[in-house]
Every structure is written in structure tokens, then in C-alpha cells.
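Here is the structure we will look at.
Computed from the coordinates by the stated procedures, all read-outs in this text should not be read as laboratory data. Note that the structure is a prediction, hence the values are computed from the model and not measured. Reconstructed Cβ throughout: ideal geometry from the backbone, glycine too, with neighbour counts over all protein chains shown.
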Ligand SMILES: Nc1nc2c(ncn2[C@@H]2O[C@H](COP(=O)(O)OP(=O)(O)OP(=O)(O)O)[C@@H](O)[C@H]2O)c(=O)[nH]1
Ligand SMILES: [Mg+2]
């Protein structure tokens with residue numbers, strides 16, 4: 001009998017941010033249902049959808065949170081930033097103000113998600129690249145410069161209408177997340193903070209617990225929980241030494 005256990009899917013939380021009308025909901029609908037609607041209503045608060053995806057043989061479930069871009073919904077969306085693994089910062093190619101707004105979106109996210117900006121996978125997405133050239137207000141070079149200034153390595157132009165690069169934008173996010181995870185793992189290994197299961201276990205006397213190990217959720221397990229959380233979400237703040245450079249182009 002072959003040992004063919006179904007591979008477990010990894011759940012990642014993705015949040016999509018950007019000004020009202022740049023096409024965040026259209027991007028999500030295209031990615032999840034392969035549909036496009038010309039007359040979308042503004043999103044109120046947040047909505048989420050799940051999408052299963054296989055990248056390089058690994059299974060992922062992306063839990064994608066589509067947020068309201070209008071300023072009046074700020075208080076409704078910000079509580080949902082915490083726990084994010086990937087953030088898509090969106091602007092529209094026919095709206096230069098929406099690119100100028102990315103500073104504010106990035107700062108708002110960093111403020112409420114409480115992640116380390118140097119280690120968090122941000123992807124900059126320029127939507128509506130189906131528009132005619134005369135309507136374009138944002139040059140590729142200008143965005144590249146903004147990304148370089150913010151040390152964001154991933155930028156992609158998409159069209160939800162024409163179904164261009166939409167899946168690629170999410171895959172880019174996943175790849176960036178994986179890269180950050182590798183960096184975080186290497187960093188933990190360097191600190192000798194990981195447990196090597198191939199080595200004999202030395203039992204240390206700890207507070208007695210019915211699960212036997214004492215590390216299954218009691219207060220003693222806090223250090224382990226911290227490193228575990230950091231492994232799951234590499235951008236989350238840790239008391240770690242500075243990581244190697246993560247400015248990485250896919
Ligand atoms: N040409 C073009 N228009 C698009 C595209 N995606 C969205 N739109 C248009 O932009 C409008 C707004 O898109 P939405 O997806 O609702 O924008 P949003 O970012 O979710 O807006 P809020 O929910 O208010 O934050 C849509 O009704 C479409 O008319 C695209 O790829 N190309
Ligand atoms: Mg919307």
C-alpha cells in the first residue's frame with residue numbers, strides 16, 4: 001500500500017486595500033468566480049471569500065478580505081487587518097490620486113495589523129490596465145520608484161475586466177509570503193530557537209499538565225507559541241534580531 005495521505009492545505013489571510021473604485025471587489029470576483037460586473041456597488045465594511053490554489057505542488061486556501069476603500073468606512077475595516085499574511089495594495093491606472101493614496105493605505109495597515117514592514121509581503125497592484133493609453137495617469141516607472149522607496153519588491157498590473165494577470169497577482173503574493181517565511185525560518189535557526197525532532201528528547205521538569213508535555217497551551221508554552229505564530233506569519237513582530245535583506249524580485 002502506498003503512503004498517499006492527502007496533503008493538508010495551508011490557510012493564509014489576504015487583505016486587499018486601496019481607494020474606493022480602484023477595482024478591489026472586481027479583482028476578487030474575477031479571481032474567485034471568474035466573473036466581472038461593470039456596475040459594482042461600493043463595498044461597505046469588509047467581505048471575504050475563500051479560494052483554493054496549488055502553487056509549486058503546495059496546497060493553499062486563501063481567505064481573501066475585500067475592504068471598503070471609502071474613508072467613511074475606516075472604522076469598519078481596520079479591525080480586520082490583524083492576522084493578515086499578505087496585503088495587496090491596489091491603485092487604478094487611470095487615477096493618479098489612487099497611487100498617491102498608497103502611502104496612507106500602507107501606513108493604516110501597518111498601524112492596525114502590527115507587522116514588521118521590512119518582513120511583510122506587500123504586493124502593489126495597478127488595476128484597469130485594459131484602459132486606452134490616453135487615459136493612463138500612472139506610469140509603470142513611477143510606481144516602480146514608489147515601490148523601491150518603500151522596499152516593496154512586487155508590483156503587477158492587472159485587469160479584472162479583461163482577466164489579465166489577476167491570478168498572477170495572488171500567486172505573486174503567495175511567493176513573496178513563502179520567501180519571507182524562508183527568511184524567518186533561517187533567522188530562527190540562526191538563533192537556535194527551533195526544536196530538532198531528530199535528536200533525543202531530554203525531559204525537563206515542568207509544571208504537571210494533563211497533556212503530559214506542559215507546552216500545549218498553558219502559560220509555560222508562551223515562548224513556543226510566539227515562535228509558532230511567527231513561523232505561520234513571518235511578518236508578525238517578533239523579538240528577533242534584524243533579518244537579512246528581503247528586497248526580493250520574483
Ligand atoms: N476598465 C476597467 N474598469 C474596472 C476594472 N475593475 C473594476 N472596474 C470598474 O471600476 C468600478 C469599481 O470597481 P470596484 O471593484 O467596485 O471597486 P472597489 O475598489 O471595490 O471600490 P470600493 O468597494 O468602494 O472600495 C467597477 O464598477 C468597474 O466599472 C478593470 O479591470 N478595468
Ligand atoms: Mg469594493
query = How much length, in nm to one decimal, is gained on full extension between residue 130 and residue 148, taken as 0.36 nm per residue of separation minus their Cα-Cα distance?
reply = 4.0 nm
Modelled FRET efficiency - R0 30 Å, residue 37 with residue 111, Cβ distances, 0.05 increments = 0.40
query = Once the Cβ-Cβ distance between residue 76 and residue 9 is put in as r, and R0 is 41 Å, what FRET efficiency do you end up with, to the nearest 0.05?
reply = 0.90
ask   = Between residue 168 and residue 49, how many nm apart are label points set 7 Å from Cα along the C-beta direction?
value = 2.1 nm
